[in-house]
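The structure appears below as structure tokens.
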Amino acid sequence: MTYILIFIGAVFVNNIVLSQFLGICPFLGVSKKLETAMGMAGAVAFVMTISTIVTFLIQKSVLEPLNIGYLQTITFILIIAALVQLVEIILKKISPALYQALGVFLPLITTNCTILGVAIMVIQKDFNLLQSVVFAISTALGFGLALILFAGIREQLNLVSLPRGMKGTPTALLVAGLLAMAFMGFAGIVR
């Protein structure tokens, strides 16, 4: 039951983008095309899951036993940066089109605060390894869900006639606010 609550909480109730406002840069930047949004969601899911496992193990086996927890943030950033480089190399070999579509946003995963935020949150919440993995996957799914919904809505909005002052960023921010309000409807299900 604990894992189900973690899943529902991370995907819907405490959505990392729409509730906790982490990862706004890729949320707004990569959401113009549905294909790019799905690629970014997949890359973030992979990096977030792997980085959570690695950072959790480093925290529990190195930082805490040596009593050097103050190095947590810099250690986690270095681990995430290395994993992003790995994903970049893999995408370049496997899917050059997706690699080109993501462009500058793939290196931005390195500084994507959702990934670092999740790595730190699992330590703060005192999750065990399995709970940490469930939380990371759930958070990645929540991020992907919000990103893909937002991208789909933005693609549809490109087909309609909007006043000149509402095109682009103003409408995107309005839609993001409405999505956040929609996700707030899940509040009360799980803390």
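Taken together, the values in this text are just the output of simple stated rules run on the coordinates, not laboratory data. Computed from a predicted structure; not experimentally measured. Neighbour counts are summed over all protein chains in view; Cβ atoms, including those assigned to glycine, are modelled from backbone coordinates with ideal geometry.
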The FRET efficiency for LEU173 and SER95, from their Cβ-Cβ distance with R0 = 35 Å and rounded to 0.05, is 0.70
When the convex hull of the C-alpha atoms of the chain is computed, what volume per residue in Å³ does it have?
119
Hey, which aspartates and glutamates would be in cross-link range of LYS32, C-alpha to C-alpha under 20 Å, not counting anything within fewer than 8 residues on its own chain?
GLU155
Based on the Cβ-Cβ distance of VAL160 and GLN20, what FRET efficiency does E = 1/(1 + (r/R0)^6) give at R0 = 30 Å, to the nearest 0.05?
0.45
Using a cut-off of 21 Å between alpha-carbon atoms, which lysines can reach LYS125, once sequence neighbours fewer than 8 places away in the same chain are excluded?
LYS60
Apply the Karplus parameterisation 6.51 cos²θ - 1.76 cosθ + 1.60, with θ equal to phi minus 60°, to every residue of the stretch 164-169 and state each ³J(HN,Hα) to the nearest whole Hz, in sequence, with x for glycine and proline.
3, x, 9, 6, x, 4
Overall dimensions of the stretch 135-182 as given by Cα atoms, namely Rg and Dmax in Å:
12.6, 42
Taking the highest mean first, how do the peptides 80-91, 14-25 order by number of other beta carbon atoms within 10 angstrom per residue?
14-25, 80-91
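Summing -39500 (n - 2.57) over the DSSP H runs of n ≥ 4 in the chain and dividing by its residue number, what mean residue ellipticity at 222 nm do you reach, to the nearest 500 deg cm²/dmol?
Working: 9 runs with 129 residues, N = 191.
One gets -22000 deg cm²/dmol as the mean residue ellipticity at 222 nm.
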Roughly what angle does helix 129-157 make with the longest principal axis of the chain, taking Cα atoms, 0 to 90 degrees, to the nearest 10?
10
Per the Kirkwood treatment, what hydrodynamic radius in Å, one decimal, follows for the stretch 1-97 from the mean inverse distance over all distinct Cα pairs?
15.5
Apply the Karplus curve 6.51 cos²θ - 1.76 cosθ + 1.60, θ = phi - 60°, to the phi angles in the stretch 87-93 and return the couplings in whole Hz, x for Gly and Pro.
4, 4, 5, 5, 5, 4, 7
